[in-house]
Amino acid sequence: MLFNLCSVCVYHKTIYPQLVGVMHTDVNCKKKKKKRPLSCQTAVYDIWVINAGKSTHNEDQASCEVLFVKKKTGGTNSTPNKNSSTKRRSSLPNGEGLQLKDNSDTDGINLYYWSLFDGHAGSGAAVVASKLLQHHILEQLQELVDILRNSAVLPPTCLGEEPEHPAANSRTLTRAASLRGGVGAPGSPSTPPTRFFTEKKIPHECLIIGAIESAFKEMDLQIERERTVYNISGGCTALVVVYLLGKLYVANAGDSRAIIIRNGEVIPMSSEFTPETERQRLQYLAYMQPHLLGNEFTHLEFPRRVQRKEVGKRMLYRDFNMTGWAYKTIEEDDLKFPLIYGEGKKARVMATIGVTRGLGDHDLKVHDSNIYIKPFLSSSPEVRVYDLLQYEHGPDDVLILATDGLWDVLLNEEVAEAVTNFLPNCDPDDPHRYTLAAQDLVMRARGVLKDRGWRISNDRLGSGDDISVYVIPLIHGNKQS
């Protein structure tokens, strides 16, 4: 599914219209000759996007699918066939004629999928990830179908083994009993090897988290393999939501953000990964592998760039093992450029990139050098879990996903207040109310054009970045099993 905001106003209605839907529009496209009618912009479902015009193709990409995870029948499976594993969406603009039926197969699991990708240095990685990451997740889950369907039994340690019921083998041996063993006298040849612990039990939830993490890794490796053949440019952050077996799995690699608003309360569902939040990981990697710095950077952090006249003086610094600050005597090596430089949104790794996790960027180098930055950039997401069945959700309880274009100018609390004030004023039977809420958030973040640029409330600067927002209602999860 490719969304090119420079050519058309596109929207898709998915198989589960109350939960998912896509709308993309571009208010700054240079190719656009006239304004689109308002009806074209509002007759859609739950995502709203503005392209800031930084590139010909929109660097923000999105995808939403209803998929069917089918048991792997043997052999190595390539990317699953979309026609066989994906419920088809209606090609009609208003979704008429769409048959909403659960898959009749009994050997699989339904999966609902949403994603946002914020590209940089081109749209290539974001476009590819929006089309393929969900299939990597499917592939990782395929061999787990039987295990996941049997929630009463813990996963086996080795595939093919008889699964063990939680109650089985629950007696924990004392240390003395472990030392004695079950047969023979202590120290006798017939005494079995000592065992100080029972086998670790892994819940089903952790299998799904592991599958998502593995899928991110495989997606990144595919981009690396195919980037030259298919001209996959740049990199992208990735924010993905998987709804499976009653739980939402929110996976984030980058600086996009997800929050849940429940009864007006904000529940954070992701963390941003930036040079500042991941300082210690980056510094430790540089400390362990100094050759990655190319003899041009130092892994130590200083409050500002060290000057030559300060050699021999004592200055504040921070190493990878420190959260506080201390003083050190400045040496010649400290004159190198810091690995992490800048503060807040201006912080950069090797003066180049402002995010530390995502997909792609395999060819990214420090300007005018041969130093690759990819070793410091991780494709591993943080995955948080929300049990939808644990709570009864109202019609104004929503999951919000958005790229940093929104969060750069609006706080979680401002977003929550805007949504909780907006939705009650909509017709509760209007299927577009969540799309309108997403549109409202985007326009709040963009603001209005004044003499001094785009301005939002209190005359603050509006966002000049691409802005993409999902508003996904949670009330339908009450009926899911």
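The values are calculated or read from the model by the stated rules, or taken from the named source; none is laboratory data. A quick note: this is a predicted structure, and the numbers were derived from the prediction, not measured. Counting neighbours? That spans all protein chains shown, and the Cβs are built from the backbone with ideal geometry, glycine included.
A few points about this structure:
- Members of segment 280-310 found to be polar (S, T, N, Q) and either more than 30 Å from the chain's Cα centre (by Cα) or buried (at least 18 other Cβ atoms within 10 Å of the Cβ) (or both), listed by number: GLN283, ASN295, THR298, GLN307
- Some residue of segment 105-113 being among the hydroxyl-bearing types (Ser, Thr, Tyr) and farther than 30 Å from ASP466 by Cα: yes
- Pairs where the first residue, in segment 326-343, is touching a residue at least 60 places away in the same chain (Cβ under 8 Å) and the second is assigned to a helix (DSSP H, G or I) and surrounded by 14 or more Cβ atoms within 10 Å (Cβ to Cβ), C-beta under 8 Å, 6+ apart: ILE340/ARG279; ILE340/LEU282; ILE340/GLN283
- Test: residue in segment 382-389 that is over 30 Å from GLU205 (Cα atoms), touching a residue at least 24 places away in the same chain (Cβ under 8 Å), among the aliphatic types (A, V, I, L, M) and assigned to a helix (DSSP H, G or I): no
- Cβ-Cβ under 9 Å pairs, at least 6 apart or on other chains, segment 468-481 side hydrophobic (A, V, I, L, M, F, W, C), far side surrounded by fewer than 21 Cβ atoms within 10 Å (Cβ to Cβ) and at pLDDT below 80: ILE475/GLN18
- Note on segment 195-225: residues that are part of a helix (DSSP H, G or I), out of contact with any strand residue (DSSP E or B) (no Cβ under 9 Å at 6 or more places or on another chain) and at pLDDT below 95 amount to 0.
- Members of segment 345-355 found to be under 17 Å from GLY122 (Cα atoms) and either of a type in the set (S, T, N, Q) or touching a helix residue (DSSP H, G or I) at 6+ places or on another chain (Cβ under 8 Å) (or both), listed by number: THR352, GLY354
- The set of residues in segment 344-371 being free of Cβ contacts under 8 Å to residues at least 60 places away in the same chain and either farther than 30 Å from THR228 by Cβ or surrounded by fewer than 19 Cβ atoms within 10 Å (Cβ to Cβ) (or both) consists of LYS346, ALA351, THR352, LYS365, HIS367, ASP368.
- The residues in segment 311-331 that are surrounded by 10 or more Cβ atoms within 10 Å (Cβ to Cβ) and either within 18 Å of GLU276 (Cα to Cα) or not basic (Lys, Arg) (or both) can be counted, and the count is 14.
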